[in-house]
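**Q** My questions all concern the structure below.
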Amino acid sequence: MASVRQFQVTFDCADPERVARFWCEVLGYVVPPPPEGFATWADFDRALPAERQGSAFACVDPHGVGPRLFFQRVPEGKVVKNRLHLDVRTGAGLTGEERLAVLEAECARLVALGAVRVRLLPADEVNESCIVMQDVEGNEFCLD
């Protein structure tokens with residue numbers, strides 16, 4: 001049986017570049033170089049038919065470890081809870097007040113980038129604390 005070695009996470013959104021640049025800041029990702037023959041992504045975008053301009057954007061892990069994130073414009077807005085979300089592993093290995101302090105600091109940084117804090121899910125007998133948030137277009141993710 002063949003194993004999967006790479007995968008891409010795709011986001012449906014209204015403004016692909018805006019959402020991609022938000023996630024670059026969250027995760028330390030970068031925008032890859034434009035296709036050969038184009039000095040910038042804006043140059044590439046202008047070369048597309050008008051109906052495709054601004055329709056997609058991507059970002060990648062500069063270390064090549066994490067998956068590529070792809071953002072595609074769709075006509076409909078988000079109306080219900082995500083069926084899939086990202087967990088941003090900020091507090092991995094931490095517990096109690098130390099974990100909460102790290103989560104709160106990262107939450108404040110992301111709110112300054114345009115994220116929205118939804119709620120704190122406090123630790124229980126099974127799970128450590130995490131903070132539910134939304135990105136710049138309302139897609140849920142967790143600081144965990």
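The values are calculated or read from the model by the stated rules, or taken from the named source; none is laboratory data. Everything numeric in this text was worked out from a predicted model, so none of it was measured. Cβ atoms come from the backbone with ideal geometry, glycine included; neighbour counts cover every protein chain shown. Protein only, heavy atoms only, side chains kept; ligands, DNA and RNA dropped before computing areas. Shrake-Rupley method; radii C 1.70, N 1.55, O 1.52, S 1.80 Å.
**Q** Per residue, how much accessible area does the chain have with a 1.4 Å probe, in Å²?
**A** Dividing the accessible area of the chain by its residue count gives 64 Å².
**Q** Counting only trypsin sites (Lys or Arg not before Pro) that are in a DSSP loop and have at most 12 other C-beta atoms within 10 Å, tell me the longest site-free stretch of the chain.
**A** Value returned for the longest uninterrupted segment is 6-80.
**Q** May I ask for the distance between the Cα centers of region 25-49 and region 59-89, given as a whole number of Å?
**A** Between the Cα centres of region 25-49 and region 59-89 lies a distance of 17 Å.
**Q** Here is a further query. Which angle between 0 and 90 degrees, to the nearest 10, do you get for helix 16-27 versus the longest principal axis of the chain when only C-alpha atoms count?
**A** Relative to the chain, helix 16-27 is tipped by roughly 40 degrees.
**Q** Still on this structure, I have one more. What net charge is computed for the residues neighbouring Lys78, neighbours being all others with C-beta under 12 Å from the C-beta of Lys78, Lys and Arg scored +1, Asp and Glu -1?
**A** -3
**Q** Carbon and sulfur: what percent of region 2-144's accessible surface (1.4 Å probe)?
**A** Whole-percent figure for carbon plus sulfur exposure: 54.
**Q** Test of the criteria: in region 74-108, which GluC sites (Glu not before Pro) are in a DSSP loop and have at most 11 other Cβ atoms within 10 angstrom of their Cβ?
**A** Passing both the DSSP loop test and the Cβ count: Glu76.
**Q** For the chain, just the Cα set please: Rg and Dmax, both in angstrom.
**A** According to the Cα coordinates of the chain, Rg and Dmax are 17.2, 56 Å.
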